[in-house]
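A.B. asks: One structure follows; several queries about it will come next.
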Amino acid sequence: MSSGEMTRQIPWISMGLLLILIVFTPYAMGFRPYPDFASSDSLQPQRAGLILLGLSAATIALFELLAKCCHNRTDAIGLAPFAAAFLACAVVGWRSYPYWATGVYQVDLGAFPAMDQDPKQMIPMLWMGDLWRLVVLLLYPLCYVVVPALLIATFVAFRRRRYVVAIPSGVCTGIVLIFMMGFSPHYLSWLMD
């Protein structure tokens, strides 16, 4: 296999965006909650920037996946790293970044006293309305279906010695599992508030 063929099998854009999201994750997780919905928030530019980064990363990863589906004829195993990278960007960027950057995570950890943190009064719902929440809710059943399929595809790719496909698929699927199960206590109860 030539280096050009190997390069086309890896979702470079999505993986780069995912790496950026992972690097900024500790910073995003450390945000204190909004002081009050009506008061000014000195951290608003940073919150908005992180949330825009997360939403943009997920959207760009989706376009890279769709481009791979539409323009390149490939088997399901070859599509696995693109699907896994998109799902990881969606879980970390679209789902988790707003939760962290608005300070809900810190309140749920007990670092700050409980307060009203209605997602309808926070970004990104102030920007997008229920579209953001609908996508988050769709991620749950999507993960239940796609994660097992990605794990199987990763296993098959390893068995076929297609390591260029197997490694990014496995790493991104692991990131999905870690961030869907951890780093977001009480997420659904907050989201459905």
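A.B. asks: Could you tell me the center-to-center distance, by alpha carbons, between region 156-192 and region 70-103 in angstrom?
C.D. replies: When both Cα centres are located, 9 Å separates them.
A.B. asks: Select from the chain the helices, each a whole stretch of DSSP H, whose alpha-carbon atoms run 24 Å or more along the helix axis and whose Kyte-Doolittle mean is at least 1.6; answer none if there are none.
C.D. replies: Correct list, ordered by number: 12-29, 130-159, 163-181.
A.B. asks: State the extension gain, in nm to one decimal, for the chain segment bounded by Leu142 and Asp75, taking 0.36 nm per residue of separation less the distance between their alpha-carbons.
C.D. replies: Details: separation 67, 0.36 × 67 = 24.12 nm, distance 2.02 nm.
Value of the extension gain: 22.1 nm.
A.B. asks: So with the 1.4 Å probe, I'd like the accessible area per residue for region 121-168, rounded to whole Å².
C.D. replies: 60 Å²
A.B. asks: So, one more: Excluding ligands, DNA and RNA, what is the solvent-accessible area per residue of region 10-102 at a probe of 1.4 Å, expressed in Å²?
C.D. replies: Ligands and nucleic acids excluded, the result is 42 Å² per residue.
A.B. asks: With Cβ to Cβ distances under 15 Å as the rule, what net charge do the other residues near Ser96 carry (K, R +1; D, E -1)? Write out the running numbers ahead of the final one.
C.D. replies: Numbers: positive: Arg47, Arg95, Arg133; negative: Asp108.
Net charge around Ser96: +2.
A.B. asks: In region 68-114, which trypsin sites (Lys or Arg not before Pro) fall in coil by DSSP and have 10 or fewer other Cβ atoms within 10 Å?
C.D. replies: When the trypsin sites (Lys or Arg not before Pro) of region 68-114 are filtered for loop state and at most 10 Cβ neighbours within 10 Å, Arg73 remain.
A.B. asks: Separate question: Tally up the carbon and sulfur contribution to the accessible surface of the chain as a whole percent, 1.4 Å probe, everything protein left in place.
C.D. replies: 69 percent
A.B. asks: With all pairs of different alpha carbon atoms counted, what Kirkwood hydrodynamic radius in Å does the chain show?
C.D. replies: One over the average 1/r among Cα pairs gives 17.3 Å for the chain.
A.B. asks: Still on this structure, please answer the following. For region 45-157, what Kirkwood radius comes out of the mean inverse Cα-Cα distance, in Å?
C.D. replies: On the way: mean 1/r = 0.0647 Å⁻¹.
Across region 45-157, the inverse of the average 1/r is 15.5 Å.
The values are calculated or read from the model by the stated rules, or taken from the named source; none is laboratory data. Just so you know, these numbers come straight off a predicted model, no measurement behind them. We place every Cβ from the backbone using ideal geometry, glycine too, and count neighbours over all the protein chains shown. To get the accessible areas, we keep the full protein, side chains included, count just its heavy atoms, and leave off ligands, DNA and RNA. Shrake-Rupley method; radii C 1.70, N 1.55, O 1.52, S 1.80 Å.
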